[in-house]
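Student: Sending over a structure as structure tokens; questions will come in a sec.
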Amino acid sequence: MLNLILFGPPGSGKGTQAAKLVDEYQLLHISTGDLFRYEMGNNTPLGLEAKSYIEKGELVPDSVTIGMLRNKVEANPDVMGYIFDGFPRTETQAEALNTLLAELGEELTVLLALDVDDEEIISRILERGKTSGRPDDNDESIIRNRIEVYNRETAPVFDYYDSFGKSEKIDGIGTIEEIFDRLVATIQTRI
Ligand code: ADP
């Protein structure tokens, strides 16, 4: 199996590139942000809990996020591989993912980190906010908080996988096709 983490700050293009990688490699795309939005849209207890964090630009607690992710993986065992998007966002989540993959007799192939600077990210998210309908994309102070949370809690996940030789940084500036080509070229060196 090919098991990828698509990593990078909010607005770095993970969702766009994940959709293209799914087509290229027939992977199951698991986006924790999408899973939370689905739950929120249905007003489930999980959705209501997640909403209270998401609307402030905070992370949903690890126990909630890890449980949801585990359910999604366990419900889809017969796949060519997984592409994790927006997960793991903390070292605790990274350790939980390692355990889960090991239980399946699998391991991570590579973490691909899209590298985009803060000002570019803020302008992209505000642009996306005009059509995404996401309240967390429309308020610059919430966006800045998401970036701070990313730098404080999520960026260390890159170093965590780097210590196993599994992290790759990808230039996230360019056209969608250029960035996709960089991702594919890097994946090919790992399989
Ligand atoms: P983006 O990458 O554009 O910030 P996502 O759609 O990945 O957006 O996530 C939206 C929000 O959902 C995050 O700001 C966070 O509050 C919550 N969230 C998503 N994934 C996780 C996760 N792995 N752990 C904790 N919270 C998460």
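Student: Apply the Karplus curve 6.51 cos²θ - 1.76 cosθ + 1.60, θ = phi - 60°, to the phi angles in segment 30-41 and return the couplings in whole Hz, x for Gly and Pro.
Tutor: Here the 3J(HN,Hα) series is 10, 10, 5, x, 5, 5, 5, 5, 5, 5, 5, x Hz.
Student: Normalised by the residues of segment 1-107, what does the relative contact order come to in percent, with Cα pairs under 8 Å and at least six apart?
Tutor: Computed value for segment 1-107: 42 percent relative contact order.
Student: Could you compute how much accessible surface Ile66 exposes when probed at 1.4 Å, giving the result in Å² to the nearest 10?
Tutor: Here the residue's solvent-accessible area equals roughly 40 Å².
Student: On to the next question. Roughly to the nearest percent, how much of the accessible area of segment 1-89 is carbon and sulfur, given a 1.4 Å probe?
Tutor: After summing per-atom areas, the C and S share lands at 51 percent.
Student: Let me ask you something else. With +1 on each Lys and Arg Cβ and -1 on each Asp and Glu Cβ, how big is the dipole of segment 34-191 about its Cα centre, in debye rounded to the nearest 20?
Tutor: 340
Student: How big is the gap, in Å, between the Cα center of segment 144-172 and the Cα center of segment 1-61?
Tutor: 16
Student: Taking amide H positions as placed in the peptide plane 1.01 Å from N, state which residues far from His29 in sequence (5 or more) or on other chains have amide H under 5 Å from it.
Tutor: Amide H neighbours of His29: Ile83.
Student: Identify, among Val149, Ala19, Ile170, the residue whose Cα sits farthest towards the positive end of the charge dipole of the chain, taking +1 on the Cβ of Lys and Arg and -1 on the Cβ of Asp and Glu, with the dipole about the Cα centre.
Tutor: So the residue furthest toward the plus end is Ala19.
Student: Among Asn43, Thr131, Leu4, whose Cα projects farthest towards the positive end of the dipole of the chain, with charges put on the beta-carbon of Lys, Arg (+1) and Asp, Glu (-1)?
Tutor: Asn43
Student: Here's another thing I want to ask about it. Do the sum for the chain: with -39,500 (n - 2.57) for every DSSP H run of n ≥ 4, divided by all residues, what is the mean residue ellipticity at 222 nm, to the nearest 500 deg cm²/dmol?
Tutor: It lands at -16500 deg cm²/dmol.
Student: Between Met80 and Glu120, with labels modelled 7 Å along Cα→Cβ, what's the label distance in nm to one decimal, could you check?
Tutor: 2.9
Student: Using 1/(1 + (r/R0)^6) with R0 = 30 angstrom and r between the beta carbons of Ser63 and Asp162, what's the FRET efficiency to the nearest 0.05?
Tutor: Rounded to the nearest 0.05, the efficiency is 0.70.
Student: For labels at Ile176 and Ala102 in the simple 7 Å Cα→Cβ model, what's the distance in nm?
Tutor: 3.9
The values are calculated or read from the model by the stated rules, or taken from the named source; none is laboratory data. Treat the numbers as computed from the prediction; the structure is a model and nothing was measured. In this analysis, Cβ positions are derived from the backbone assuming ideal geometry, glycine residues included, and neighbour counts consider all displayed protein chains. Side chains are part of the model used for accessible areas, which takes the heavy atoms of the whole protein and leaves out ligands, DNA and RNA. Shrake-Rupley method; radii C 1.70, N 1.55, O 1.52, S 1.80 Å.
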